[in-house]
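One structure is given below, encoded as structure tokens.
The numbers here are math on the coordinates, done by the rules we state, and not lab data. Remember, it's a predicted structure, so these values are computed and weren't measured experimentally. No Cβ is skipped: glycine too gets one built from the backbone with ideal geometry, and neighbour counts run over all protein chains shown.
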Amino acid sequence: MSKIKHITCIGAGYVGGPTMAVMALKNPDIRFHIVDINQARIDAWMSDELPIYEPGLDKVVKETRGKNLFFSTKVDEAIKEADMIFISVNTPTKKYGIGKGRAADLKYVELCARQIAEHAGGDKIVVEKSTLPVRTAQSIKKILKSTSNGYKFQVLSNPEFLAEGTAIEDLLHSDRVLIGGDQDEAGQAAIQKLVEVYNSWIPRERILTTNIWSSELSKLTANAFLAQRISSVNAISALCEATGADVEEVAYAIGTDSRIGPKFLKSSVGFGGSCFQKDILNLVYLCEFFGLHEVARYWETVVSMNDYQKTRFASKIISTLFNTVSGKKIAFLGWAFKKDTNDTRESAAIYVADQLMQDQANIHVYDPQVPTEQMYGDLNELETRSDEDNRAQLTAYDDAYEACKDAHAVAVLTEWDEFKADQLDWQKVYNSMKKPAFVFDGRLILDREALTKIGFEVYTIGKGK
Ligand code: UDX
Ligand code: ADP
């Protein structure tokens, strides 16, 4: 087989967009075509205002767009022209039927596979990029084979390990790239082609090749391990508050043990994002499927612990505000699931807001990147109350000071740099608030001592009084 010349990516989201942009930057001889059924999203990719916020992304897209990186909604054509097709469509948790609330909903992936089979017009290498439960490649293969018109398909698994907010950095300097494929000759040849694409900038020893099932399972396992660390440190944060220990000191103390290491030990109001919860639930579902109930329960507690942390934070706000937030104004600094992204999927802010709103609080939000309508969309998805009620109880602002004005309490839900002590004028915030003025730091970014000096009553996750 000859070298890859055309790569198509189906799905122009948080994964497909940045990944292809960096690949295009590093492979000027290959033509990349990103397609999506969502016209508005494609229009945004073609404009100066990209649909996703990601530091460094603008620059990479500007350098490649129109040269060897193209965007369109012409899915069928893009399938036909490509030697290699990445599937980067969304795989949300199923909201109905068997596996509801746990299994991944593969309808978009399946649809893609059918589209590829129908419009292939030649041999193709199909790469699964979306997070998929183990053995999805099997289903993709089956669909491709049964509708193949005699063409040959190779299916590879190439899970993404980029984290939002640092996607470009992660892609440019990956710890490792993982490629899984069939162990026969044709499978190995396909793996080699993808290795070559990555090898334009990733050293060969950092490109790991495995069988397809190992690759799929490694992705779920990596995320489950990372999430488990956060849930573990969050479990300890509750104990710190009860005993007077300081979770940051504990995290530092254990993180200096080289066997444990310092990363992913930051206690918080709870992890969010499109991957962690979904991947763990996927793992749980898989274990159940294979009758491994104890293993399923084990991983499930990582998610339960995360839910507990969000509830605990909201309850803390209510109990501190004299056991009622009814009619009170609570300002939220941040809505995104972490800083430097406009993504809000599974963000802790949504659940904390929902719980406070059940206690009839009015939530006033400022987030530098999240559009107001997205906040209402997130709340509406929970189906706790009507859209009308959500709009009545939550207001969004373009300015942190406006959001905090006349508030009974301020809660930090996202660790945006601009909320830190040296960037936000906390004295000004204090002056404009109702007294006593409370601040709840769900992200360990505030200077507790300085805020106390101003006059705030401060609660910080994982710190006793
Ligand atoms: C994650 C994985 O890191 C990435 O490898 C995978 O491909 C996709 O899922 P992402 O969800 O983008 O990436 O962000 P990540 O930085 O992992 O953070 C996830 C959540 O955990 C965020 O809500 C973050 O605020 C929280 N977190 C992270 C903590 O609460 N404490 C930490 O120490 C680290
Ligand atoms: P991720 O974080 O995994 O990238 P996103 O939701 O940001 O998830 O992106 C997935 C994209 O895939 C969406 O823009 C969606 O419109 C697109 N998509 C889903 N199904 C198809 C399909 N059959 N053909 C083309 N695009 C699709």
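Rg over Rh of region 303-391, using C-alpha atoms and the Kirkwood radius, what does it come to?
0.94
Separation between the Phe225 and Ala253 pseudo-spin-labels, each 7 Å from Cα along Cα→Cβ, expressed in nm?
Those two pseudo-labels are separated by 2.6 nm.
Ranking Tyr376, Tyr198 by Cβ neighbours within 10 Å, fewest first, what do you get? Please list the in-between numbers first.
Values: Tyr376 15, Tyr198 19.
Fewest-to-most ranking of Tyr376, Tyr198: Tyr376, Tyr198.
After finding the eigenvalues of the alpha carbon gyration tensor for region 212-329, what semi-axes result from the square roots of 5 times each, listed largest first in whole Å?
Its equivalent ellipsoid spans semi-axes of 29, 20, 12 Å.
Residue by residue through region 417-433, what is 3J(HN,Hα) from phi via Karplus (6.51 cos²θ - 1.76 cosθ + 1.60, θ = phi - 60°)? Round to whole Hz and write x for glycine and proline.
4, 5, 8, 5, 3, 7, 10, 9, 7, 5, 5, 5, 4, 4, 4, 8, 8
Give the Debye-formula value of log10 I(q)/I(0) at each listed q (0.11, 0.15, 0.20 Å⁻¹), with one equal scatterer per alpha carbon of region 156-224, two decimals each.
Per q value, in the given order, log10 I(q)/I(0) is -0.26, -0.47, -0.81.
Using Cα pairs under 8 angstrom and six or more residues apart, how large is the relative contact order of region 331-437, in percent?
35 percent.
Provide the per-residue ³J(HN,Hα) series for region 95-106, in order, calculated from phi with Karplus coefficients 6.51, -1.76, 1.60 and θ = phi - 60°, each as a whole number of Hz, with x at glycine and proline positions.
Each residue's phi maps through the Karplus curve to give 9, 8, x, 5, x, 3, x, 9, 5, 6, 8, 9 Hz.
About its Cα centre, what dipole magnitude does the chain give when the only charges are +1 on Lys and Arg Cβ and -1 on Asp and Glu Cβ, stated in debye to the nearest 20? Walk me through the intermediate numbers first.
Working: 55 positive and 64 negative charges, 164 e Å.
So the magnitude is around 780 debye.
Summing -39500 (n - 2.57) over the DSSP H runs of n ≥ 4 in the chain and dividing by its residue number, what mean residue ellipticity at 222 nm do you reach, to the nearest 500 deg cm²/dmol?
-14000 deg cm²/dmol
Have a look at region 1-106 and give its Rg and Dmax from the Cα atoms, expressed in angstrom.
14.9, 46
Regarding region 267-354, what's the average projected area of the Cα-atom convex hull, expressed in nm²? Please list the in-between numbers first.
Details: hull surface 27.5 nm².
Here the figure is 6.9 nm², rounded to one decimal.
Which percent, to the nearest 5, of DSSP beta bridges fully inside the chain are antiparallel?
On the way: 3 of 52 bridges.
Among the beta bridges of the chain, antiparallel pairing accounts for roughly 5 percent.
Any idea how far the Cα center of region 119-166 sits from the one of region 416-463, in Å?
49
For Lys124, give me every one of the lysines with a C-alpha distance below 19 angstrom, ignoring sequence neighbours fewer than eight places off in its own chain.
Partners found: Lys3, Lys5, Lys74, Lys80, Lys141, Lys142, Lys145, Lys152, Lys193.
For region 240-295, what is Rg from Cα atoms divided by 2.2 N^0.38 Å, rounded to two decimals?
Taking the Cα Rg and dividing by 2.2 N^0.38 Å, one obtains 1.57.
Based on the alpha-carbon gyration tensor of the chain, what equivalent-ellipsoid semi-axes (square roots of 5 times the eigenvalues) come out, in whole Å, largest first?
42, 24, 21
Using the Kirkwood formula on the Cα atoms of region 393-465, what hydrodynamic radius do you get, in angstrom to one decimal?
On the way: mean 1/r = 0.0805 Å⁻¹.
About 12.4 Å, per the Kirkwood formula over Cα pairs.
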